[in-house]
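Just so it is clear, none of the values below were taken in a lab; they were calculated from the coordinates. Keep in mind that this is a model prediction, so the values were computed, not measured. Cβ sites come from the backbone with ideal geometry, for glycine too, and all protein chains shown count toward neighbours.
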Amino acid sequence: MKLFTVGPVEMYSNTLTVAAQQLPYFRTDEFSQIMLNIDSMVKELLNTPSDYKSIYLTTSGTGAMEAAVINCFSNEDKLLIVSGGTFGERFEYICRIHNIPYEALTLQFGEILTEEKLSLYDNKGFTGLLINIHETSTGQLYPIKLVSDFCKRNNMFLVVDAISSFLADYYNMLEFGIDVTIFSSHKALALSPGISVVVLSNRIYENKVKNNNCNSLYFNFNDYIENMKRGQTPFTPAVGVLLELHDMLINIKSMGLSNKIEQTYKLAEDFRKKIMEIGYEMPTYPLSNALTPVIFKGNAKEVFHTLKDKYKILVTPSGGKLEKILLRVGHLGNLTEDDNTSLIKALKEIS
């Protein structure tokens, strides 16, 4: 089965080799050094100072989203959530569960986040903004500089779920004044699911996290930060995924971050050119390199099953109102332009 999904994705041979090895015991100096190496390389990719705080959670991306919200904010805050799909709505749900006041800037399918929409929320007393910089359920990539400028002029903390955008699109924590970055192991890193990472700016750590009485045992960031000083996590981590991560970060450092992003960009552009040549349409909003949303005339679900059952190709289906009109084709992981050609051929035969 060929995976054009957005997580898990087609894994690289070196990762599969690492994954096949016997797991070591992790409460050792040797494993601590691996964790400290991971941390150094992650911060380099995000362009952060070495003293930014990072948390390595054995959880899904949603777990990391919830952990970030409850460690950084409380019911004394007022948050603005950009909510343009399933994952924006997930931030809303998290805030409701934990009784954290918020308002949602809601975007309907096809709507673009603009300065005019954001400016309606200027000077309204918000303390933080939550955004999925790539709303994976629709494929829209939000303009990070626009969001950054809004937060700076309103003195707000900026929390970014970059789970499907990290390593696929240009991203820089210092340049854009991002206070929290969230990403996961099974997207552009092309690893097994299981590890999600949260990186905190010093500003949000000192002003929010450090003295926040987080009502959680497993997700208490201060516990993770203290343990990370010695290269450890407070609880048993997904050891195998961390070893995969260490190996992958070394490879990315060797090839260069810009080359990694360019590789994904070229794959996405190749697919988009080919899909338009056979008459399919894409939404007009800005797109991430991570995936291409393809519009169908009410038969998206049928096409998904035909690709899976007849052609052994998996793309990402949509749910809810988009179930019948949108399929999402991923460009992450070990894919090639020849793989794009095979998918295009199958779509042409189906249509």
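List of remarks:
- A cut-off of 5 Å between modelled amide H atoms, ignoring neighbours fewer than 5 places along the same chain, links residue 140 with 135.
- Here residue 229 is the anchor, and the aspartates and glutamates within straight C-alpha reach of less than 14 Å, apart from those fewer than 8 places off in the same chain, are 29, 39, 51.
- Here the 3J(HN,Hα) profile of the stretch 203-208, calculated from phi with Karplus coefficients 6.51, -1.76 and 1.60 at θ = phi - 60°, is 4, 6, 5, 5, 8, 10 Hz, Gly and Pro shown as x.
- Taking Cα centre as origin and charging only the Cβ of basic (Lys, Arg, +1) and acidic (Asp, Glu, -1) residues, the dipole magnitude of the stretch 132-242 rounds to 200 debye.
- The distance from the alpha carbon centre of the stretch 156-223 to that of the stretch 34-61 is 9 Å, rounded to a whole number.
- With each label modelled as a point 7 angstrom along the Cα→C-beta vector, the residue 121-residue 273 pair spans 3.8 nm.
- What the Cα atoms of the chain give is an Rg and a Dmax of 20.1, 59 Å.
- For the residue pairs 266/310; 274/321; 117/152; 152/187, the C-alpha atoms sit more than 19 angstrom apart in 266/310; 274/321; 152/187.
- Mean sequence separation of contacting Cα pairs (under 8 Å, at least six apart), scaled by the length of the chain, corresponds to a relative contact order of 25 percent.
- Here the spin labels are modelled as points 7 Å beyond Cα on the Cα-Cβ line, and at residue 76 and residue 23 they lie 4.0 nm apart.
- Considering helices alone, the calculated mean residue ellipticity of the chain at 222 nm is -12000 deg cm²/dmol, with DSSP H runs of length four and up weighted by -39500 (n - 2.57) and normalised per residue.
- Residue 172/residue 217 FRET efficiency (R0 45 Å; Cβ-Cβ; nearest 0.05): 0.85
- Net charge dipole, the chain: roughly 440 debye, given to the nearest 20, about the Cα centre with Cβ charges of +1 for Lys and Arg and -1 for Asp and Glu.
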